[in-house]
Amino acid sequence: MATENKAKLSTVTNNGKKRRQYLPQCWLPPHPKAVKKKGAYPLRPGVQGFFITCDGGRERQAAHEALDVIDSFFEELVNGKDFGEEPAVLPNKPLNKKITFSYSDDEGDDDDDKGDGEGEEEGQEEVIKSNASKEIDASQESLTNKDLDHPTSDDACHGKVTEENSDNQKDGANIENQADNSEEPPAKKQCLETDTSKSATNEKEKSIDKLIEAELNELGDKSKRLFFNLDSGCNGVVFVQMRKRDGVPSPKDIVQHMMTSAASTRKHMSRFILRVLPVEVACYSSEEEITRAMKPLIEQYFPVETQNPRKFAVLYEARANSGIDRMKIINSVAKSVPAPHKVDLSNPDMTIVVEIVKTICLIGVVEKYKELAKYNLRQLTSPKQ
């Protein structure tokens, strides 16, 4: 009987009315739906790109900034341009040239600035020149009047005077007609020119619109993007993946160009980025996987048969992973380099970078690591003290 009473959802009050029992508010359905997490894809093995450090809590800003900076240096390498050089100024064109007009008030100021002696000499020269020009004009007018009033006998006989006067009148009429024709604008030519200019501008606008549409389609299509962000899962760490394509500069070339240009120009490039390192191999953080993934890099940068052996060092750093022995990883990387090349920690030619983030190991090779301020953009672009 007790079990039957417990199974009932309604109870009887003193007045004989039934009262409903409601389910508790904390009740949940037996199989809740999983919530999809929005954001970038997680870091995984088999990718290449750029390992970037930033201030804690500024990962999103640093990721957006890194995409712009890396893309700009990639375009410089592809197009073969160096934007650090300043444009040359033409010597024939003076920069600070003062232009005065006839109606401006600057002429009086310029005349006042001159010396008294120079002003008097210039005034005398101008008076002399004006008098000489007046005398010359008067003499020419008198000669022409004499010739017209008193013609010679030969000219009068042959009728040269009348012919000259008629020729002069004809020439004057022709000059007036030419002036009228020059003043009247050719309407047909202007219409043709405007039509051709409009068609050319329309073609340019169409070509620009097509280029913009193509760029927007490339940006919208994720499969055509060359650089995009991956979630590292660590505080203060950003990873930008670069798709593998033939005939494209490697991450090492892009970062090397970035650091050398920053060291030469000392131009401020970023606000949130601290250090940028190239990553050419990514694998799981185990000793066996690291030695297996290192083989293509060693064959590329440390060949066995070389006349110029290189000195190298190993840079190791781990984040969010304390279960790996540091010395084991360093020894395994150093032993994988063949014999002609030697270890030199004080002055290495090449530095093998090993960065462990959680369970992923990121490996890259850089040059002049210490000379370029350990690839720290903030230190390279800061003013010298």
- request: Out of the residues in the stretch 33-80 that are of a type in the set (Ser, Thr, Tyr) and either surrounded by 15 or more Cβ atoms within 10 Å (Cβ to Cβ) or assigned to a loop (DSSP other than H, G, I, E, B) (or both), state the one that is modelled with the lowest pLDDT.
  value: 41
- line: Okay, strands (runs of 3 or more DSSP E) sitting entirely in the stretch 268-358 with 3 or more residues that are within 28 Å of residue 72 (Cβ to Cβ) and open to solvent by less than 30 Å² (accessible area, probe 1.4 Å), I get 273-279, 350-357
task: Please work out if residue 236 is of a type in the set (Gly, Ala, Ser), surrounded by fewer than 21 Cβ atoms within 10 Å (Cβ to Cβ) and touching a helix residue (DSSP H, G or I) at 6+ places or on another chain (Cβ under 8 Å).
output: yes
- line: The correct count of residues that are among the hydroxyl-bearing types (Ser, Thr, Tyr) and under 37 Å from the mean Cα position of the chain (by Cα) in the stretch 286-309 is 1
- request: Kindly provide the set of residues from the stretch 359-385 that are in a helix (DSSP H, G or I) and open to solvent by less than 20 Å² (accessible area, probe 1.4 Å), ordered by number.
  value: 375, 377, 380
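The values are calculated or read from the model by the stated rules, or taken from the named source; none is laboratory data. The shown structure was predicted, so the numbers you read here are calculated from the model rather than taken from an experiment. Note: ideal-geometry Cβ built from the backbone for every residue, glycine included; neighbour counts use all protein chains shown. Side chains included, ligands, DNA and RNA excluded: accessible areas come from the protein's heavy atoms. Shrake-Rupley method; radii C 1.70, N 1.55, O 1.52, S 1.80 Å.
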